[in-house]
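Read-outs: derived from the displayed coordinates by stated rules, not from any lab. This one's a predicted model, so the numbers in the text were calculated from it and none came from an experiment. Note that we place each Cβ from the backbone using ideal geometry, even for glycine, and neighbour counts take in every protein chain shown.
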Amino acid sequence: MRVVKKFGGSSVSTIEKIKSIANNIAQNYKEGDEIVIVVSAMGKTTDSLIKLAKEISETPDIRELDSLLSTGEQQTTALLSIALKERGLKAVSLTGAQAGIRTGGIHTKNKIESIKIERIEKSLKDGTIVVVAGFQGINEDGDITTLGRGGSDTSAVALAAALKCECEIYTDVIGIFGVDPRVYKNAKKLDKISYEEMMEMANLGAGVMETRAVEIGKKYGVKIYVGETLGVETGTYICDESEITEKKDVTGISINKNVIMVNLENFVGGPRSIATIFNKLAQNSVNVDMISQNEVLSSKGSIGFTSPLTDEEFLNKSLEDIKKEIPDIKITKKTGVMKISLVGIGMISNFGVAAKVFDVLSYINEEFYQCTTSEISISLIIKEDKGMKVVERLAEVFSI
């Protein structure tokens, strides 16, 4: 059996947990098994490293920050490899670079471009368990790079694609729920969810999986299992839509509090101004999400969009650049908001989902700032302190 197993930060947050994972693998290992393990940094290590860097500089150099952050995963790989060897198994720890993970892009936000699997294949054929540092790789200049938050998921699925096997993601939850059970106590666990739905939910804020990881899974046909570390209850499979027999109107509700809403007004509308705005955002690697525009050709143009709160530093730089190009533009930022998104492939063939959503808002007399839709989703921006009431009512209405 060949498989890639990924263990998240909460699963490896202590030495005891690392020992438990090693015990489990040792007990279940069979001769001929080919196992690649991808790990995150222990617990809150990444946050601690960022804090250390910011004690020196408010804006640490991003190349050096990548070099610093990569040490968190390297620590975990070495410790787990030591634990596996202590139990009589052959194991080797590899950094992202040693594992052949080649990346491109901007530091702290790199993307995997290719994986040279020769070293891993050689180790697997030798009966060695390969423990790879997630979240990282090496670029064409030979610099250590990181993949951004959730990057270990991406590392794991990309390795599974390169090695042509399934990928198992282990975390502190028993699977993927239609809505966060910490928000809605009656939330139901999903047995299966399509790649498209999971990508949409991840992109819209669900924290269980990273969007890029699911995208790679879909592209290369990697079946992804998400379950509880060392748990006994069956988790959730992310798979092709054809494997799902029951297609509900709404499969899940995604909740995202990592949101800034930006309104830009008082500029000459039209493609040239809009191109200037979004080119500046792109140049600073700001992840733009919901976009709405009014007064397309007016001399008093207006456009709104959202971006992650964690991108605020990059966003502020972009807004400064936009102001230089369009001096009269009026910029308003709004925080204290959250995005609520309903997702389901059933929306394609079923009518009336939007009507039910707005009926809920009318029933509880709640306003919204922005609304966007796709073929399989409806997203709303709501005041953060009112959002949970909206989520609970929507979950009841759609039986999620």
I'd like the distance separating the alpha-carbon centroids of region 295-361 and region 1-64, in whole Å. 35
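In region 255-359, which GluC sites (Glu not before Pro) are in a loop and have at most 16 other Cβ atoms within 10 Å, using DSSP for the loop call?
Details: sites: E265, E295, E312, E313, E320, E325; in loops: E295.
For GluC sites (Glu not before Pro) across region 255-359 that sit outside H, G, I, E and B with at most 16 neighbouring Cβ atoms in 10 Å, the list reads E295.
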For a protection proxy built on the mean count of beta-carbon atoms within 10 angstrom, sort 53-59, 88-94, 244-250 highest first, please. 88-94, 244-250, 53-59
Diffing region 8-14: the Karplus 3J(HN,Hα) column from phi (6.51, -1.76, 1.60, θ = phi - 60°), in whole Hz with x for Gly and Pro, holds x, x, 5, 6, 10, 6, 9
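Dipole magnitude of region 260-334 about its Cα centre, charges +1 at Lys/Arg Cβ and -1 at Asp/Glu Cβ only, in debye to the nearest 20? Present the calculation step by step, with values, prior to reporting the outcome.
On the way: 9 positive and 10 negative charges, 35 e Å.
Here the size comes out at about 160 debye.
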From the residues L124, S374, L49, which one has its Cα farthest along the dipole of the chain in the positive direction, the dipole being from +1 and -1 charges on Cβ of Lys/Arg and Asp/Glu about the Cα centre? L124
Tell me the mean residue ellipticity at 222 nm calculated for the chain from its helices only (DSSP H runs of n ≥ 4, each -39500 (n - 2.57), averaged over every residue, nearest 500). -11500 deg cm²/dmol
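Quick one: of the DSSP bridges fully inside the chain, what percent are antiparallel, nearest 5? Write out the running numbers ahead of the final one.
On the way: 44 of 72 bridges.
Of all bridge pairs located within the chain, approximately 60 percent are antiparallel.
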Karplus couplings for region 301-318 from phi (6.51 cos²θ - 1.76 cosθ + 1.60, θ = phi - 60°), rounded to Hz, Gly and Pro as x? x, 8, 8, x, 7, 10, 8, x, 4, 5, 9, 4, 4, 5, 4, 4, 5, 5
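Over region 260-334, consider all pairs of different Cα atoms and compute the Kirkwood hydrodynamic radius from their mean reciprocal separation; express it in Å, one decimal. If you can, show how the numbers build up before the last one.
Values: mean 1/r = 0.0829 Å⁻¹.
After inverting the pairwise mean of 1/r, the radius is 12.1 Å.
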Long-range amide H contacts for I129: which residues qualify at under 5 Å (H placed 1.01 Å from N, peptide plane, sequence gap of 5 or more or a different chain)? K90, A91, V92
Once phi is turned into θ = phi - 60°, what whole-Hz ³J(HN,Hα) does the Karplus curve with 6.51, -1.76 and 1.60 give for every residue of region 55-66, x standing for Gly and Pro? 6, 9, 8, 5, 10, x, 4, 6, 5, 5, 5, 4
